[in-house]
1. Could you list all residues from segment 26-35 that are surrounded by fewer than 18 Cβ atoms within 10 Å (Cβ to Cβ) and either basic (Lys, Arg) or under 19 Å from the mean Cα position of the chain (by Cα) (or both)?
2. Could you grab me the full set of residues in segment 1-46 that are in a loop (DSSP other than H, G, I, E, B) and of a type in the set (D, E, K, R)?
3. Restricting the first residue to segment 36-48 and requiring it to be of a type in the set (A, V, I, L, M, F, W, C), which pairs with a second residue that is in a loop (DSSP other than H, G, I, E, B) meet a Cβ separation below 8 Å and a spacing of at least six or different chains?
4. Could you say which residue among Tyr59, Tyr18 is hydroxyl-bearing (Ser, Thr, Tyr), surrounded by 12 or more Cβ atoms within 10 Å (Cβ to Cβ) and more than 18 Å from Met1 (Cβ to Cβ)?
5. Can you tell me which residue in segment 64-91 is modelled with the lowest pLDDT, limited to those that are among the charged types (D, E, K, R) and farther than 19 Å from Asn12 by Cα?
Amino acid sequence: MFGKRLAEVRTNKGLSQYELAERLGFSRAQIANYEQGTREPDFHTLIVFADFFEVSLDYLLGRTEIHEFNANGYQTYTRKELTEREEGFLEEALQVFRKYSSS
């Protein structure tokens with residue numbers, strides 16, 4: 001999914017693979033490999049792309065369809081029901097937060 005999203009945001013910005021590579025200090029081959037899915041970027045590289053295109057990491061990774069930020073710089077979400085897995089994850093995160101914030 002990342003490769004498709006990278007190609008999408010790049011073309012929406014009117015950039016070729018070569019132009020994007022030049023602006024961000026990558027080779028054109030790296031950009032092509034990311035877009036084709038033959039290479040996966042590291043976390044730092046993901047942040048570079050997200051910052052450059054002004055989209056969230058979740059959008060680049062295909063975890064959300066929302067790619068624009070509101071006027072405050074925050075990504076807006078519509079309410080949706082959480083899955084049991086998501087609820088469990090949030091409950092665990094809340095417990096950890098409470099444990100370490102009270103220390």
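1. Arg28, Gln30, Ala32, Asn33 - these are the residues of segment 26-35 that are surrounded by fewer than 18 Cβ atoms within 10 Å (Cβ to Cβ) and either basic (Lys, Arg) or under 19 Å from the mean Cα position of the chain (by Cα) (or both).
2. Result: Lys13, Arg39, Glu40, Asp42.
3. Qualifying pairs under 8 Å: Leu46/Leu61.
4. Tyr18
5. Restricting to residues being among the charged types (D, E, K, R) and farther than 19 Å from Asn12 by Cα, the top hit is Arg79.
The values are calculated or read from the model by the stated rules, or taken from the named source; none is laboratory data. Since the structure is predicted, the reported quantities are computational estimates derived from the model, not experimental observations. Note: ideal-geometry Cβ built from the backbone for every residue, glycine included; neighbour counts use all protein chains shown.
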